[in-house]
Structure formats: C-alpha cells, structure tokens
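This report concerns only the one structure given below.
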Amino acid sequence: VAGAQISTSTGAPGGGNRVRIRGISSILGSAQPLYVIDGVITSDVGIGQGTNLVTRASGSAISAITQEAPVNRISDINPNDIESIDVLKGSAAAAIYGSKASGGVIIITTKRGAAGRPQFNLRTGLGTGRLAYRNGQRKFLTVEDATKAFGPLAASFYDPNRELDYEDLAYGNEPLNREATLSVSGGSQDTRYFISGNARREEGIVKNTYSQKMGLRINVDQRLSERMELQVGTEVLRTLGDRGLFGNDNAGNSIAYTLTKIPSFLDLRQKADGSWPVNPFYNSNPLHTIDLIKNEEGVWRNISTARLTWDLLATKKQELRFVGFGGTDVLNQANEVYSSPVLQYEPLDGLPGTSTVGAANNTQANVNLN
C-alpha cells in the first residue's frame, strides 16, 4: 500500500506488527490505524503478557506493555478469508469514523458465496524456518585474548580446543510448519453461503516457542423479499502461543542479549545428569532459560456481523435505500508466565521463582444506519 510502513515488533512466532499510514498522527496517542471488518470496528489492542515482572525492563511496574512487544490482535484473523482491502486516510477517514480514524482506516471485506453448485477450495502448505542472519562466534586464539575480553576469570575456563556456536545452539531448531484452509461456497439466488475453516501451526527456531491458530467462518446472504436482503457472518478464532523471553531487560535474563555475553570456549550445555552449568560471566544461562521459561498466551475471539439492505423506492428518477449494519467483536485473552526458581537469575530478587497470570476481556460493538 503506497504510503504505509509495516514492521514487525518481534521475530517470535505469531509476533505482532506495526502499521503506519502516511498522514497526521498523534505524538502521544496511538498511531495504529482503525480496522473495520465487514462494517464492524474490530479491536487491534495489544495486551501485555506480564513478562516485565521477570525482565524488569520497565522497573517494577506491572504495566509495561511497550517493553513486552505484545501481539496486536488483528493478527488473529485468517487472511485467506479476505476478499479485498481498502485504505482510507485523512479527511475521508475522519468523515466516516471521526477521531478514531486519526491513524487511518483499513477496511477489510471477507469472501461471500455466489449462486451455483458448491465450490470447494483447499489450500495447504508446509515449510520450515532458519536464522536469516548470523553474527558469528568469536574465536579466542590465546588465553591473553580471552582475559582481555572477559577479564581474569576467563583464564580458568579457557580451552583452545573448545569452540561452541551459541547462535546455533539457541537458534538451531528446524521446525516443520504447516497450514491448511478448507472453504466451500455456493447457494441459490435467494440463499448464498461461504464457510471456511483454517488451522495453522508455526514452530520457532528457538525451542519451545510456537504459534497456533484455528478459525471457523460462516457468511450467509439471504434475500428476504424482492427489495430486502440480509447478510450475516460470524467467525470464531482460537490463538495459542509461546514467544519465549526476548527483548529488553534489566535483570540479565533476555535470551538474545545474554548470548552476547558468553565466550565460545565456555560450555553451558546441559550435563549428562540433567543439571545445567552456571554462567560465571553473566546473570543467566540462556540455554537453561530456553528449556524452562514459559510465556504462554491463549485467545478466544468471536467477530459477528450483520447488514440489512432495503430498497424502499426505485423509479427511473429516484432511488431510496435503507442500509443498516453493525456487529460485535468479543475478545478473551489469558496469559501465564512462569520462571522457574532453579533458573540462575531468579534468586537475585530474593524470591523463589516468578509466576504471573493475566486475564483480559475486550468487547466492541457498533451500529451504522444510512
């Protein structure tokens, strides 16, 4: 889309994105566009999962959404159900949706059925993922080089014959990602339907991270009389995921950042007896964190729409049409973050582990009469 800037807020599976449409936006307010699906204003809220209590990225505050890179919930919908997308900005957007449209409006129209025999469409896909860019691991040729970079303590662990690639150890997962969408459409001149089901599972290149989405959409168009037609639609969505522990931190436990604090000659891999070594150079062992950290999120969502069109008067010179549409968007999100007390960084605050549980509910409804 011309004039739009689209960027991801995290590289984790199922991560969110930021959309900026060129135009006037608020410095302090939200610059995200307004999303409208089949006439219903749809939530794009980003709800923090509670990892700040582990990372201390924003001090001790519980509400630190900007530091937690939450998923914006427009990502829940199935893109295979989209028929068309229109973008409004500036005065055109404000004239219809008011101040809510200061960041622009993205209007999404979903697919609908056409009269005729049932038409089936199956879309499947398999894929994998890998680290797109490697920084590489520094090799220390002498103990003097090691101590110069990591201090005198490095001499106790230096081994010229050991060279571990921690990028590969942390990001070396080669997942099998899969997706399937099945839809059917058809009907008569009076009744038309479109039904679609979707299932997607995306594993991360980091062990234990994933995103899973499932959805069912039903759109029905019913002609009530020669001058009246009713269109209804509903979509039920289920989204699950675990994005690990990444991003900013002030507790020395962010996986990506901690990897930069480990010399290649230090072995932090799990031992044969199941225990994990302590990282003497930083507050955490990132491989141990990957193995035990839980950052789980689950979302139930329902988007329901209705549109009634009534042609009251139609002559060669005049037309009078009544159009009413609206609907609801109901969202329930549950988060659970668990940081085990056996992780190296956990005793730093004097508490045995960290556990947070969050529940959020968001409901939007609107009616438009023309």
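The values are calculated or read from the model by the stated rules, or taken from the named source; none is laboratory data. Owing to the predicted nature of the structure, the values given are computational and were not obtained by experimental measurement. With ideal geometry, Cβ positions are generated from the backbone for all residues, glycine too; neighbour counts draw on all protein chains shown. The area values use the complete protein model at the heavy-atom level, side chains included, leaving out ligands, DNA and RNA. Shrake-Rupley method; radii C 1.70, N 1.55, O 1.52, S 1.80 Å.
Taking 26 Å as the cut-off for C-alpha to C-alpha distance, list the pairs among Lys100/Lys213; Lys207/Lys261; Lys111/Lys213; Lys213/Lys271; Lys271/Lys294; Lys261/Lys294 that go past it.
Over 26 Å apart, Cα to Cα: Lys100/Lys213; Lys213/Lys271.
Over the Cα atoms of segment 327-370, compute the convex hull volume and normalise it per residue, giving Å³.
Considering the Cα atoms of segment 327-370, their hull volume per residue is 81 Å³.
Which of Thr142, Thr260, Thr110 moves most in a GNM of the chain, Cα contacts under 10 Å?
Greatest mean-square fluctuation among the candidates belongs to Thr142.
Rounded to the nearest Å, what's the spacing between the alpha carbon centres of segment 192-225 and segment 292-306? Just the number, please.
13 Å
Of the trypsin sites (Lys or Arg not before Pro) in segment 309-353, which ones lie in a loop per DSSP and count no more than 14 other C-beta atoms within 10 Å?
Taking segment 309-353 and a limit of 14 other Cβ atoms within 10 Å, the loop trypsin sites (Lys or Arg not before Pro) found are Lys316, Lys317.
Please work out how much accessible surface Phe281 shows to a 1.4 Å probe, ignoring ligands, DNA and RNA, in Å² rounded to 10.
40 Å²
Using a 1.4 Å probe and counting only protein heavy atoms, arrange Ser196, Ser156 so the residue with the most accessible area comes first.
Solvent-accessible surface, decreasing: Ser156, Ser196.
With a probe of 1.4 Å, find how much accessible area segment 107-190 has per residue, and write the answer as a whole number in Å².
Solvent-accessible surface per residue comes out at 69 Å².
What shape does segment 165-211 take by its C-alpha gyration tensor, where a ≥ b ≥ c are the square roots of the eigenvalues and a/c under 1.5 counts as rounded, a/b above b/c as prolate, and the rest as oblate?
prolate
Could you order Ile47, Ile303 by accessible surface area, starting with the largest, using a probe radius of 1.4 Å?
The residues order as Ile47, Ile303, largest area first.
Write out the trypsin sites (Lys or Arg not before Pro) in segment 163-202 meeting two conditions: DSSP loop, and at most 11 other Cβ atoms within 10 Å of their Cβ.
Loop-located and lightly packed - none at all.
Return a whole-number percent for the relative contact order of the chain, with Cα pairs under 8 Å and 6 or more residues apart as the contact set.
That works out to 16 percent.
For Rg and Dmax of the Cα atoms in Å, pick the label among (1) 20.8, 62; (2) 19.9, 60; (3) 26.0, 94 that corresponds to the value derived from the coordinates.
Derived directly from the coordinates: (3).
Return the loop-located GluC sites (Glu not before Pro) in segment 200-238 (DSSP other than H, G, I, E, B) with at most 10 other Cβ atoms within 10 Å of their own Cβ; answer none if there are none.
Passing both the DSSP loop test and the Cβ count: Glu226.
Rounded to two decimals, what is the ratio between the C-alpha radius of gyration of segment 245-348 and 2.2 N^0.38 Å?
Taking N as the residue count of segment 245-348, the ratio is 2.17.
Just to make sure I understand: if all protein chains stay in place, what is the order of Val342, Val45 by accessible area at 1.4 Å, largest first?
If we order Val342, Val45 from most to least accessible, we get Val342, Val45.
Roughly how much of Glu336 is accessible, in Å² to the nearest 10, using a 1.4 Å probe?
For Glu336, the solvent-accessible surface is approximately 90 Å².
Rounded to whole Å and sorted largest first, what semi-axes of the equivalent ellipsoid does the C-alpha gyration tensor of segment 288-362 yield via the square root of 5 times each eigenvalue?
With the √(5λ) rule applied to segment 288-362, the semi-axes are 57, 10, 8 Å.
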